[in-house]
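Student: My questions all concern the structure below.
Where a number appears in this text, it was derived from the coordinates with a stated rule and is not lab data. The shown structure was predicted, so the numbers you read here are calculated from the model rather than taken from an experiment. FYI the Cβ positions are ideal-geometry reconstructions off the backbone, even for glycines, and counts take in every protein chain you see.
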């Protein structure tokens, strides 16, 4: 969805830089080195339940272990030694009258972001640039959550699918992590839990819904207080632990349903591929009740009004609440190829409509051999977007960078996409199979061509997650990319010459490299 353009404030970084209203999840920062039943809880429990499930070796043929958990992200400053300011005027220090000196002092006292902002405020991510939309109220009807589904096969291999109601969540951070839980970011959380729980960290996927009226956890729009980053990291870990503790023997079914009324492609410069299906899997316990439903759908969540100042998850929490009310368990809808797909039907109608498309229990295709296989690949992705590099040099997105890197990606030996830069981002993709079901994770806003290509690779269903294990902006493939748009044109024009999505893409080869690497990983996974 196109957003109005704003001019970044002069003096916040070197030179006047024009930026569009939505860099959907990209992150650039200063150059550095590199019990027995499912339980949904509103706040983290004081203690986790003792595991009471069968050992994987005792599972019947066609069964796996499945568990789920949902923990509210509603701010609890009293539990994390912080203060949450909910006064809009106090949260917006920069106005027509200038800079509020008291807000400036509050900022200097807690230097975790270069923005001049009130460090006790929580900001939405994705609108304007800098601290322009503080969260002063909370959506108590649908709430915002961290939801986890944990699946373990008979051999003990585990896949964890965690979803945050947030604009984005980086793999790693520079300064936003708080003092109580200093390790945050999807990579560090996966590493910590893998050590604690004897898991393969490659099997832990942490993604975000990318709702723009939810939380800015990457720093591009003011960020959040350090204590709230502690709460988020703690909630992610507790949600994964609970999902594992809640595991019970279950069967898995899945499917793909046409959902054309609820999204549409929006590319301004050309007619882009669409992804009009909702892909889903569901774990069902021995009583025939849902343990967890996990879906993937491509529709950029930007339907809710940011001007209300309400922290809101857009259509994903509405989908989850309706699926849970109908079938039980914990439900979540991840973003698929959202980069060129806008929502239709509004946040409530869209969420309810998508939920109504999930078929009755038992109506999906049963996964007869739910053997879990997971692979992950890392590489250094060049950053060739000049304007975003300028923002990165100013530290306005809280992510570390690496040094020089090159990539060479493509299906053919000729006409490949090649790129090189003195600055790079260390990124990864994940590929997994659960029997014939495919699950992938890419570190930004993939396009529908990406998710469609992955979906072709499963006879049952494929969940091609974007905004997963990182949040590094738009990821069009090179055939969809426009170089001048990426070098500033998309910042100031989105109708005549340029496309704004390219302006928020770190490199023309990012999508190519991610897709080709993902397919290579899938092709290398054992058949069963």
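Student: Please list 306-319, 263-276 highest first by mean number of surrounding beta-carbon atoms within 10 Å per residue.
Tutor: 306-319, 263-276
Student: Ordered by packing density, taken as the mean number of other Cβ atoms within 10 Å over each peptide's residues, highest first, how do 518-524, 411-417, 199-205 rank?
Tutor: The peptides rank, most packed first, as 199-205, 518-524, 411-417.
Student: Now for a different question. For the pair residue 61 and residue 89, how long in nm is the line joining their label points, each one 7 Å along Cα→Cβ?
Tutor: 7.3 nm
Student: Compute the length gained on full extension between residue 520 and residue 76: take 0.36 nm times their separation in residues and subtract their Cα-Cα distance, giving the result in nm to one decimal.
Tutor: 155.5 nm
Student: If you scale each eigenvalue of the Cα gyration tensor by 5 and take the root, what three semi-axes come out for segment 312-451, rounded to whole angstrom and sorted largest first?
Tutor: Gyration-tensor ellipsoid for segment 312-451: 35, 22, 14 Å.
Student: Which number do you get for Rg(Cα) / (2.2 N^0.38 Å) in segment 377-467?
Tutor: Rounded to two decimals, the normalised Rg is 1.29.
Student: Bin all alpha-carbon pair distances of segment 119-247 at 5 Å intervals from 0 and give each bin's fraction as a whole percent.
Tutor: 2, 11, 21, 23, 18, 12, 7, 4, 1, 0
Student: Related question: For segment 174-237, what's the radius of gyration and Dmax over Cα atoms, in angstrom?
Tutor: Using the Cα atoms of segment 174-237, the pair Rg, Dmax is 12.3, 36 Å.
Student: With 10 angstrom as the radius, rank 218, 278 by how many other C-beta atoms surround their C-beta, starting from the fewest.
Tutor: Starting with the residue having the fewest Cβ neighbours, the order is 278, 218.
Student: Tell me the relative contact order for segment 129-228 as a rounded percent, counting alpha carbon contacts under 8 Å between residues six or more apart.
Tutor: Dividing the mean separation by the residue count of segment 129-228 yields 35 percent.
Student: Can you tell me which of 164-175, 124-135 comes out highest on packing, and rank the rest after it, using the mean Cβ neighbours within 10 Å?
Tutor: Going from most to least packed, we get 164-175, 124-135.
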